[in-house]
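Some notes on the structure that comes next.
Values in this text are rule-based calculations from the coordinates and carry no lab data. On a predicted model such as this, the values are computed, not experimentally measured, just so you know. Neighbour counts are summed over all protein chains in view; Cβ atoms, including those assigned to glycine, are modelled from backbone coordinates with ideal geometry.
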Amino acid sequence: MAFVYTTLAIIGTIFFSPLILPVVFLWAVCYDFFNSDLPPGIDQPLKLRFYHSVFMSTLVVGKILEKLGICGDLSLLRFFLEGIPPWRDSKLLIQDLKVDDVPLRIYQPKQPPTVKRRGLLYFHGGAGTFGSIGAFERVCRHIARECNSVVVSVGYRLAPEHPYPGQYFDCLNATLHFMRNLKEYHVDPTLIIIGGDSCGANFATVICQLLLNKRDLPKVRAQVLIYPGLQGIDFQLPAYQQNASVPILFRKLVLYFCFRYLNKKPLYLDDIIQNCHVPESMKLKYKKWVSADNIPDEFKIRGYKPQKNSSYKPEVYEVIKEVLAMTFSPLLAEDGIICQLPESYIVTCEFDVLRDDGLLYKKRLEENGVQVTWYHSESGFHGLLSFFGYGIFSFLSAKKIMDNTVNYINSL
């Protein structure tokens, strides 16, 4: 079915390209110019503006093709974000397999191990609705080579075709399979790392919490969380205000993909931005963990304004209540869970609407006695790793994040 959608997307795009693509791209450039905010200090703003225009063009063309019955907008987005396959890697042995219909790609150094290796499970980003093993091929290859580690990239099935919360079960089943077959891959059971970026970091966080109940399995050594999205309770945090219009992930686009992920129509977006979806009792309960008061002052300098408390609207809660569940918002887990979690590595980006999720989780972990290594990309924006490994088409901030991540993994 995925092949059919992709084929239709290609045919549709080729057929309509001479008619609509130039017009749509021109619209996207104008839209980006008048609606995007590129603050001073952001990495390579002109390149980012171009990529954002392409991204918005793809979404618009996808909507047009969807109206024409050719393919869905997500199908087209997945196709264009798949990336260009890299050359064969002479230093790695790469194996594809499936576990309960979930694709896995396993990267192992070809050189025979002298000692048991680290094992890293990697969950890619993409809002649970796009992204793939192929799209993050360069990231996983780089980690496997530079860390002399076995990397398992998990191609969890995407929403809305595979309904939420199925993605968590896919990631959990892949993790259990790997942890029960460590000898096959010469992996040290004391050096298992679970990580991901964006929503993949969310999945990694949840899996680490779920594994606390699996006493028959090795303990996770560390979790690696790259610009994670960890809560749906407060869309007025400083980062959400400051970076609401910073490419590539606008604040409203976060909510749009949340609705697509949950297979619902995007409704009440403005009310959700004002946090009208959160019951007063929940706001009061979780304010100690999710609040601008817990964000360091240096992250509030750039245009943050404290917001008045908004009124709860039950009808808004009903349409998006899933974002308040512990799976969607693992930042809300109780202290009894947080204190048992493994050592953690967290990456945040200054120009990212999700920046404060990482900062808040860092604070919670440290307050519960969990060791945290934190790297903050001062010029970075959300989705940087999607461009990693493409030479001049990449961003310097992405390389710095990867270099720092590799150094952390090698330190374990």
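Only residues of the range 387-412 count here: report those whose backbone N is under 20 Å from the spot 7 Å along Cα→Cβ of E378, or say none. Within reach of a label on E378, which here means backbone N under 20 Å from a point 7 Å along Cα→Cβ, the range 387-412 contributes 395-405.
Tell me, in nm to one decimal, what length is gained between D100 and E146 on full extension, where the rule is 0.36 nm per residue of separation less the Cα-Cα distance?
13.6 nm
Taken as Cα centroids, the range 161-238 and the range 350-412 sit 17 Å apart, rounded to the nearest whole angstrom. Quick one: check the C-alpha center-to-center distance for the range 39-67 versus the range 247-278, whole angstrom. Each part reduced to its Cα centre gives a spacing of 19 Å. Listed by chain and number, the aspartates and glutamates placed with their C-alpha closer than 20 angstrom to that of K313 are D234, D270, D271, E280, E322; residues fewer than eight positions away on the same chain are left out. Per residue of the chain, the DSSP helices (runs of n ≥ 4 H) give a summed -39500 (n - 2.57) that works out to -13000 deg cm²/dmol at 222 nm. Size descriptors for the chain: radius of gyration and Dmax over Cα atoms are 20.7, 62 Å. The value of relative contact order for the chain, using C-alpha pairs under 8 Å at least six residues apart, is 16 percent.
Counted over the chain, the DSSP beta bridges are approximately 30% antiparallel. Judged by the ratio a/c of the largest to the smallest principal axis of the C-alpha gyration tensor, the range 153-302 counts as prolate, that ratio being 1.5 or greater while a/b is larger than b/c. Remark: relative contact order (the range 305-380) = 31 percent; criterion is Cα-Cα distance under 8 angstrom and separation of 6 or more residues. Long hydrophobic helices in the chain: the complete DSSP H runs spanning 24 Å or more by Cα along their own axis with mean Kyte-Doolittle hydropathy of at least 1.6 are 2-35. Could you tell me which of rounded, prolate or oblate describes the range 238-324, using a ≥ b ≥ c as the square roots of the eigenvalues of the alpha-carbon gyration tensor, with rounded for a/c under 1.5 and, failing that, prolate when a/b is larger than b/c and oblate otherwise? It comes out oblate by the Cα gyration axes.
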